[in-house]
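Below you'll find the structure, written out as C-alpha cells, and then a few comments.
Derivation of every value follows stated rules applied to the coordinates shown; laboratory data play no part. In this text the structure is predicted, and so the values were computed from the model without any measurement. Virtual Cβ from ideal backbone geometry, glycine too; neighbours counted across all protein chains shown.
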Amino acid sequence: MKIEVLFPEFCNLYGDTQNMRYLKQCMPEAEFIETSLAEEPVFAKEKVDLIYLGPMKERTQEKVIKKLLPYKERIQELIENNTIFLFTGNALEVLGEYIENEDGSKIEAVGIFDVHAKRDMLNRYNGMVLGEVENIEIVGFKATFSFLYGNNEDKYFFETQKGIGLNKESKLEGIRKNNFIGTYIIGPILIINPLFTKYLMKLMGVENPELKFEKIAMEAYEARLAEFKSSKVQ
C-alpha cells in the first residue's frame, strides 16, 4: 500500500496534515511518501493507492498549479482508472479551470474539472457542514476566502443537509468522480469522521479496517453529529 502526501511543507493549513498522520496510525503497514514541491510526484511514474493534497495559502496555489500542470494527462488517467484522491480545503481549486481574483484577473489552473474559483480576500466564510456519503453521515467545517462555481450536479461529493455546497447558492458539496474526492471540508475530515475514514480504507483494499483510538473517535463523532443536527444553521 503506497500513499503519497503532496507538498506537506506548504499545503498544511487548518491542521489538515493530521489527516495523513491519523491514517498512518490506522495503517502502520502502509508506505507514506511525503513529496516536496521541489520533487517529482511519485504518482507520475509509479502506482499509488492514495494521493492527498491539503489546503494552502492563496499564493501557494499558483506554485502548486505550475507544479501539477505538466502531469494533467497523468492525473486524468489516474482518475479514470479509479486511483483514490483526497483533496481538502482549497486544494480542489487548483484542478479547476481558473481562479479569479477580486480585480477580475484570472490564474489559469490545471483544468481537470469544469469549475472555477472566485476569491474575496476581505471576507472569510466560516461555517459548518452536515451531509451524507454512501449512508455515512459527514460532519465538518469550512473556512475559506473563495468559492467554486460551475455545474457539479453529476459529480458532487454529497448534498448538504446543513451548510453550503460549492458556494452560498449551492447545496452540492465538493467533487466526486470515480474515486477522486475533493471537498472544502477541513477539520481534519478523517479524524472527525471515523466512519468515512473506514470507508476510505475499504476503498484502498483494507477488508476489516480498524481505527486508532476508535472508541474515543466514535464518541466525539456522535457528540458532534448530535450538535450539528440540533443546530439552527441551515
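Remarks
- Sites residue 39 and residue 232, calculated FRET efficiency, Cβ-Cβ separation with R0 45 Å, nearest 0.05: 0.45
- Average projection area in nm² (convex hull over Cα atoms of region 2-230, one quarter of hull surface): 11.9
- With the simple model of a label 7 Å out from the Cα in the direction of the Cβ, residue 120 to residue 214 spans 4.3 nm.
- If the Kirkwood radius is taken over C-alpha pairs of region 93-204, then at 25 °C and 0.890 mPa s the Stokes-Einstein diffusion coefficient equals 169 µm²/s.
- Note: relative contact order over the chain, using C-alpha pairs below 8 Å and six or more positions apart, is 18 percent.
- In nm, spacing of pseudo-spin labels at residue 222 and residue 171 (7 Å Cα→C-beta vector): 2.9
- Cβ-Cβ distance of residue 154 and residue 73, R₀ of 25 Å, FRET efficiency by 1/(1 + (r/R0)^6): the value works out to about 0.70.
- If both residues of a DSSP beta bridge must be in the chain, then about 55% of such bridges are antiparallel.
- Packing-based ranking, highest mean first, of 138-148, 97-107, 22-32 given that Cβ atoms within 10 Å are counted: 138-148, 22-32, 97-107
- Gap separating the Cα centres of region 163-228 and region 66-125, nearest whole Å: 21
- Cross-link pairs 57/118; 142/232; 24/57; 24/202; 142/162; 2/47 - those with Cα-Cα distance over 19 Å: 24/57
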